[in-house]
Amino acid sequence: MNAPLLAIEGLNLRRGATHVLHDLTLDIRRGEIVALIGANGAGKSSTLQAISGLLRPLSGRIAFDGPDGAIDLTRLAPEAIVRAGVVHCPEGRQIFRSLTVRENLMMGAYPRTDRENLPAELDRVHELFPILAERAKLAAGSLSGGEQMMLAMGRSLLSKPVLLLLDEPSLGLAPQYIERIFDVIEQLRSQGATILLIEQNAAMALEIADRGYVLEHGRITLTGTGADLARNDEVRRAYLGDLG
Ligand SMILES: Nc1ncnc2c1ncn2[C@@H]1O[C@H](COP(=O)(O)OP(=O)(O)OP(=O)(O)O)[C@@H](O)[C@H]1O
Ligand SMILES: [Mg+2]
């Protein structure tokens, strides 16, 4: 059997005085969309930050099955992790407001060594998000919140993700933008991307996810297919707003 693309084992992480992740274990297979759901403060963003090397765990292993075999991401610097193909689209977008839309997009291309495919991939990003072509020369700060999220996703795509880590892509967006973002996530999967998706919008996340994990106070308490979790009574009460 193929090794998972990403295998996290026994991850423990502290932030300040708080022990935020407790023996976290999860895996992601190639081509899957895996949803990580949980309440505010559960440790979802911290998990992504540990994968992308922004936070160093106390213990545990994050094995990424790269082109030259498995590597332990906990030993690599964030730049090396991006170059290995693990791309983090962070909470709060983190775009550069005074740079143009195009300049922001091109920042995504910095870790790449191959430049020849870039024009075609920029075209693809513009197809997914036509607004980014229309506004290419405007300051990114002039985009609406939803448009900024599209910019952040477009920038991540230009980094050529093997594994894309999406932190709350629908947060604060109007319904038509949310639909668009979820459409794009599905398109990306159909083109072979593997995605770890964090969402407060658990209903939509579980609908498109192959599998999901529920994180409570830094511990994985449930896992299953997206459909199983969406039917689970506890999940329905806690995350799907089902009071029945
Ligand atoms: N910079 C920090 N320093 C210390 N503690 C932090 C820091 N950032 C987050 N924490 C704590 O770590 C825990 C996990 O936070 P994290 O941001 O991973 O949660 P989350 O599941 O992403 O929540 P949300 O849904 O609100 O984004 C929380 O208790 C939080 O208060
Ligand atoms: Mg978060």
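The values are calculated or read from the model by the stated rules, or taken from the named source; none is laboratory data. This one's a predicted model, so the numbers in the text were calculated from it and none came from an experiment. Counting neighbours? That spans all protein chains shown, and the Cβs are built from the backbone with ideal geometry, glycine included.
List of remarks:
- Criterion applied to Leu151, Leu173, Leu188 was being touching a residue at least 24 places away in the same chain (Cβ under 8 Å) and either in contact with a Gly (Cβ under 9 Å, 6 or more places away or on another chain) or closer than 27 Å to Arg236 by Cβ (or both), and the one residue passing it is Leu173.
- Scanning segment 147-180 for residues that are small (Gly, Ala, Ser) and buried (at least 18 other Cβ atoms within 10 Å of the Cβ), we see that the one that is farthest from Glu91 (Cα to Cα) is Ser159.
- Selection of helices (runs of 4 or more DSSP H) fully inside segment 91-179 by the criterion of at least 2 residues being more than 19 Å from Ala193 (Cβ to Cβ) returns 101-107, 130-134, 145-158.
- Subset of segment 49-69 that is among the small types (Gly, Ala, Ser), in a strand (DSSP E or B) and at pLDDT 95 or above - its residue that is surrounded by the fewest Cβ atoms within 10 Å (Cβ to Cβ): Ser59
- When Asp183 is tested against (1) under 25 Å from Val20 (Cα atoms); (2) surrounded by fewer than 17 Cβ atoms within 10 Å (Cβ to Cβ), exactly one condition is not met: (1).
- Strands (runs of 3 or more DSSP E) completely within segment 188-229 that count 3 or more residues being crowded, with 21+ Cβ neighbours inside 10 Å: 194-198, 211-216
- Evaluated against (1) surrounded by 17 or more Cβ atoms within 10 Å (Cβ to Cβ); (2) more than 16 Å from ligand 1 (Cβ to nearest atom); (3) within 22 Å of the chain's Cα centre (by Cα), Arg135 falls short on exactly one condition, (3).
- Segment 75-90, residues that are in a helix (DSSP H, G or I) and touching a residue at least 60 places away in the same chain (Cβ under 8 Å): Val82
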